[in-house]
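Take a look at the structure set out below.
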């Protein structure tokens with residue numbers, strides 16, 4: 001599997017640090033020239049590879065770490081996302097409910113990435129906490145995942161485990177996914193909950 005992170009702000013860099021800690025290579029991209037953030041990528045680790053957006057979206061698994069309003073621009077980078085997994089790390093806090101049409105924000109994102117399997121995840125933690133090593137107090141920091149595709153959810157759950165997190169599956173986007181969704185002026189009930197799981 002190959003991995004990419006689209007967006008290299010605080011959240012994108014926090015994700016890149018998680019990959020770098022485990023020595024897993026990941027491409028990083030924005031709409032800017034890769035040279036403009038190459039120094040920041042190199043500071044995180046040698047396996048964090050700056051690429052153009054067109055190059056990065058060739059990865060098997062693409063983490064979407066941009067503003068929710070920017071996701072349609074990323075979706076245009078490929079005519080079809082068939083066979084890929086999109087990990088939706090966006091938050092739609094501040095987006096009026098009428099713009100979402102009563103749907104979970106992740107469903108809006110899924111519709112934009114035609115053919116892809118979407119997993120909502122890694123978005124409930126504030127960037128500074130997500131950037132920390134996930135080992136905590138003898139346990140592992142929890143990341144919540146929701147998807148309408150069980151296979152994709154399992155794949156990203158396995159990746160989260162490799163990155164040192166404790167993945168917890170919340171079920172479908174319209175069910176558990178709502179617990180990690182921001183919309184309007186409301187945060188989902190699990191947003192910002194920094195939890196640790198202890199393996200027995």
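The values are calculated or read from the model by the stated rules, or taken from the named source; none is laboratory data. Every value quoted in this text rests on a predicted model; they were computed, and no experiment measured them. Using ideal geometry, Cβ is built from the backbone for each residue, glycine included, and neighbour counts are taken over all protein chains shown.
Here are a few things to note about the model shown:
- Taking the stretch 111-151 as the range and being in a helix (DSSP H, G or I) and either over 14 Å from the mean Cα position of the chain (by Cα) or at pLDDT below 95 (or both) as the test, the residues that pass are 111, 112, 128, 129, 150, 151.
- Flag for residue 95 being modelled with pLDDT of 95 or more and touching a helix residue (DSSP H, G or I) at 6+ places or on another chain (Cβ under 8 Å): no
- Helices (runs of 4 or more DSSP H) fully within the stretch 1-108 that include at least 3 residues being under 16 Å from the mean Cα position of the chain (by Cα): 10-21, 71-75.
- Scan of the stretch 85-99 for residues that are surrounded by fewer than 18 Cβ atoms within 10 Å (Cβ to Cβ) and under 27 Å from residue 4 (Cα atoms), ordered by number: 93, 94
- Single residue of the stretch 27-49 satisfying the filter (under 22 Å from residue 71 (Cα atoms) and without any contact (Cβ under 8 Å) to a residue 24 or more places away in the chain) that is surrounded by the most Cβ atoms within 10 Å (Cβ to Cβ): 34
- The stretch 157-171 residues that are free of Cβ contacts under 8 Å to residues at least 24 places away in the same chain and at positive phi, paired with ones that are in a helix (DSSP H, G or I) and surrounded by 20 or more Cβ atoms within 10 Å (Cβ to Cβ) (beta carbon under 7 Å, 6 or more apart): none
- Residue satisfying all of: in the stretch 171-188; surrounded by fewer than 22 Cβ atoms within 10 Å (Cβ to Cβ) and not in a strand (DSSP E or B); farthest from the chain's Cα centre (by Cα) among these: 185
Okay, residues lined up against (1) over 18 Å from residue 162 (Cα atoms); (2) without any contact (Cβ under 8 Å) to a residue 24 or more places away in the chain; (3) touching a helix residue (DSSP H, G or I) at 6+ places or on another chain (Cβ under 9 Å):
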residue: 52; (1), (2), (3): yes, yes, yes
residue: 58; (1), (2), (3): yes, no, no
residue: 62; (1), (2), (3): no, no, yes
residue: 71; (1), (2), (3): yes, no, yes
